[in-house]
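Report on one structure; see the data block that follows.
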Amino acid sequence: MKRTKRGFRLEIPENPSPEMQEVLDWYIQNFQFVPNLTRVMSEAPALVRSYWQTQLNLMEKGTLTPEENNVVQMSIAVENKCRYCASGHIMAGRMVFGSSEDVIAGIIAESHLPEEKLNALRDFALAVYEGKGKVSEESFSKFKEAGYSNAQALDVVTNISTKVMSNFTNQLTNNELDEILEPLAEELTY
């Protein structure tokens, strides 16, 4: 059985429960493969389903655009130096969310983004993450002045929670990059 360097399973479980099969089927239908993140998380059904369902909730019920969700999640992945997730968000930004190369490069370099509204979003997300939810009035005001709502501030928290689940899982398990992510990881300096 293939495992990470820390001994976490990288194979799809035999005879998965119907709840686990639902998650696996979704990844196969949408990505044509089951990512190593999902494989590793599958050892903990509560984790894999929580991560998957939270991502679905953001897509279906969230108040941020898909690109804005990606900006928040990629910014947190870069902040956490999670090669797996940062690479995944480079791919998602390019292939799914239509992020410009300037936005992706700015997040990778942790520099100013070309769109002021996305810059305000990224800065707010990092302030929420670094402050563990405690943000200054100035930070919150800048976020609101950029055109964001209270609901969107809470969706930033939701996005951060998904990255805590995935970044910490990847870091803890020493997860391996999927083959499709390997060339994208070369763009990262960590």
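The values are calculated or read from the model by the stated rules, or taken from the named source; none is laboratory data. All of these numbers come straight from a predicted model, not from anything done at the bench. Quick reminder, even Gly has a Cβ in these numbers, built from the backbone with ideal geometry, and neighbours come from all protein chains shown. With ligands, DNA and RNA removed, areas are computed over all heavy atoms of the protein, side chains included. Shrake-Rupley method; radii C 1.70, N 1.55, O 1.52, S 1.80 Å.
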Query raised in the report: Does residue 177 satisfy being surrounded by 16 or more Cβ atoms within 10 Å (Cβ to Cβ), under 18 Å from the mean Cα position of the chain (by Cα) and not in a helix (DSSP H, G or I)?
Result: yes
Query raised in the report: Looking at segment 50-70, which of the residues that are in contact (Cβ under 8 Å) with a residue 60 or more places away in the chain and of a type in the set (A, V, I, L, M, F, W, C) is farthest from residue 21 (Cα to Cα)?
Result: 64
Query raised in the report: From the list 91, 41, 74, which one is open to solvent by less than 60 Å² (accessible area, probe 1.4 Å), in contact with a Cys (Cβ under 9 Å, 6 or more places away or on another chain) and in contact (Cβ under 8 Å) with a residue 24 or more places away in the chain?
Result: 74
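Out of curiosity, is residue 159 within 30 Å of residue 9 (Cβ to Cβ) and not in a helix (DSSP H, G or I)? Don't jump to the end; show me each part of the working.
Working: within 30 Å of residue 9 (Cβ to Cβ): yes; not in a helix (DSSP H, G or I): no.
Criteria not met by residue 159.
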Report task. Evaluate the following for residue 36: is it open to solvent by 60 Å² or more (accessible area, probe 1.4 Å) and either out of contact with any Gly (no Cβ under 6 Å at 6 or more places or on another chain) or without any contact (Cβ under 8 Å) to a residue 60 or more places away in the chain (or both)? Result -> no
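Rundown of residues vs (1) small (Gly, Ala, Ser); (2) touching a Gly at 6+ places or on another chain (Cβ under 9 Å); (3) within 19 Å of residue 160 (Cα to Cα), yes/no style:
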| residue | (1), (2), (3) |
| --- | --- |
| 71 | no, yes, yes |
| 84 | no, no, yes |
| 89 | no, no, yes |
| 105 | yes, no, no |
| 111 | yes, no, no |
| 114 | no, yes, no |
Query raised in the report: Just one of the numbered conditions (1) open to solvent by 60 Å² or more (accessible area, probe 1.4 Å); (2) in a helix (DSSP H, G or I); (3) under 26 Å from residue 48 (Cα atoms); (4) of a type in the set (D, E, K, R) is not true of residue 102; which one?
Result: (3)
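Within segment 40-51, how many residues turn out to be within 16 Å of the chain's Cα centre (by Cα) and either under 16 Å from residue 84 (Cβ atoms) or of a type in the set (D, E, K, R) (or both)?
Within segment 40-51, the subset within 16 Å of the chain's Cα centre (by Cα) is 40-41, 47-51.
Those left that are additionally either under 16 Å from residue 84 (Cβ atoms) or of a type in the set (D, E, K, R) (or both): 40-41, 47-49, 51.
Count: 6.
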Report task. Taking residue 21 as the residue in question, decide whether it is out of contact with any Asp or Glu (no Cβ under 9 Å at 6 or more places or on another chain), without any contact (Cβ under 8 Å) to a residue 40 or more places away in the chain and on the phi > 0 side of the Ramachandran plot. Result -> no
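Test residue 58 against the stated conditions and say whether it is within 18 Å of residue 149 (Cβ to Cβ), within 13 Å of the chain's Cα centre (by Cα) and not acidic (Asp, Glu). Quick ask: steps written out before the conclusion?
Working: within 18 Å of residue 149 (Cβ to Cβ): yes; within 13 Å of the chain's Cα centre (by Cα): yes; not acidic (Asp, Glu): yes.
Here the answer is yes, as residue 58 does meet what is asked.
Please work out if residue 188 is modelled with pLDDT of 95 or more, assigned to a helix (DSSP H, G or I) and of a type in the set (A, V, I, L, M, F, W, C).
Working: modelled with pLDDT of 95 or more: yes; assigned to a helix (DSSP H, G or I): no; of a type in the set (A, V, I, L, M, F, W, C): yes.
Judged against the criteria, residue 188 is not a match.
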Query raised in the report: Of the conditions (1) exposed (fewer than 15 other Cβ atoms within 10 Å of the Cβ); (2) over 16 Å from the mean Cα position of the chain (by Cα); (3) over 15 Å from residue 4 (Cβ atoms), residue 157 fails just one. Which one is it?
Result: (2)
Report task. Say whether the condition of being more than 25 Å from residue 145 (Cα to Cα), assigned to a helix (DSSP H, G or I) and out of contact with any Leu (no Cβ under 6 Å at 6 or more places or on another chain) is met by at least one residue in segment 111-122. Result -> no
